[in-house]
Amino acid sequence: MITAEEYRDALSRFATGVTIVTTRDEEGRWWGFTASSLCSVSIDPPLILVCLARDAQCHAAFIDAPAFRVNVLGPQHEELAARFATRGTDKFEASGFGLADDGLPMLDDAPVSLHCRTVELAEGGDHTILIASVEDAQLRREAPPAVHVDRRFWDLVPRAGAEQ
């Protein structure tokens, strides 16, 4: 049987993007967490999934919220990703988040920010899987996304001769 440490080590070798997922509760308080578990589920309709640890302090806010934002991070956001992954920190102080038109916290310089409406919740081990319809996307093509592998952020550099 694989140990938790072996499992984490093995999956750290899988390159992925990193996101900060944000919402607000009924009192207007902002909540967020770092996630590398973003996955496209469907093109028609546009659906994504993101996974949230059930013991996360923000879990109840996301379970109750009808909508959330997925903010794709760039290489300059490594410290911000660590802050949103740390319990008990003031995640939003001087963080670069502003209020989007939909009333949700949005990272101002994110390469991509998706407005998502929750359509289904599912249990997955020690996580809740949030399945959501993507209702809007803000793209900043001049802002490259980061890649996370081996527990570090990496810049994306196109190979010579690669078409864009």
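The values are calculated or read from the model by the stated rules, or taken from the named source; none is laboratory data. What you are looking at is a predicted structure, and each value in this text was computed from that prediction instead of being measured. As a convention, Cβ positions derive from the backbone with ideal geometry for all residues, glycine included, and neighbour counts pool all protein chains shown. Heads up: the accessible areas ignore ligands, DNA and RNA and are worked out on the full protein's heavy atoms, side chains in. Shrake-Rupley method; radii C 1.70, N 1.55, O 1.52, S 1.80 Å.
A few points about this structure:
- The residues of segment 20-164 present an accessible area of 57 Å² per residue when probed at 1.4 Å with all protein chains retained.
- Value of [θ]222 nm, deg cm²/dmol, for the chain, DSSP H segments ≥ 4, -39500 (n - 2.57) each, nearest 500: -3000 deg cm²/dmol
- Segment 1-159, relative contact order [Cα under 8 Å, separation at least 6], %: 27 percent
- Coil-residue GluC sites (Glu not before Pro) of segment 18-95, DSSP, other Cβ within 10 Å capped at 12: 26, 27, 93
- Computed FRET value (nearest 0.05) for residue 151 with residue 94, which takes r as the C-beta separation and R₀ as 25 Å: 0.50
- Once the Cβ-Cβ distance of residue 78 and residue 10 is raised to the sixth power relative to R0 = 25 Å, the FRET efficiency obtained is 0.65.
- In segment 121-164, GluC sites (Glu not before Pro) in a DSSP loop with at most 10 other beta-carbon atoms within 10 Å: 142, 163
- Counting only Cβ charges, +1 for Lys and Arg and -1 for Asp and Glu, the dipole size of the chain around its Cα centre is about 320 debye.
- Label assignment, Cα extents along the principal axes in Å derived from the structure, set (1) 50, 45, 37; (2) 54, 31, 29; (3) 58, 31, 24: (1)
- Within the chain, the longest segment free of exposed loop sites, counting trypsin sites (Lys or Arg not before Pro) that fall outside DSSP classes H, G, I, E and B and have at most 11 other Cβ atoms within 10 Å, spans 30-86.
- Residue-count net charge about residue 7 - beta-carbon cut-off 13 Å; Lys, Arg +1, Asp, Glu -1: -2
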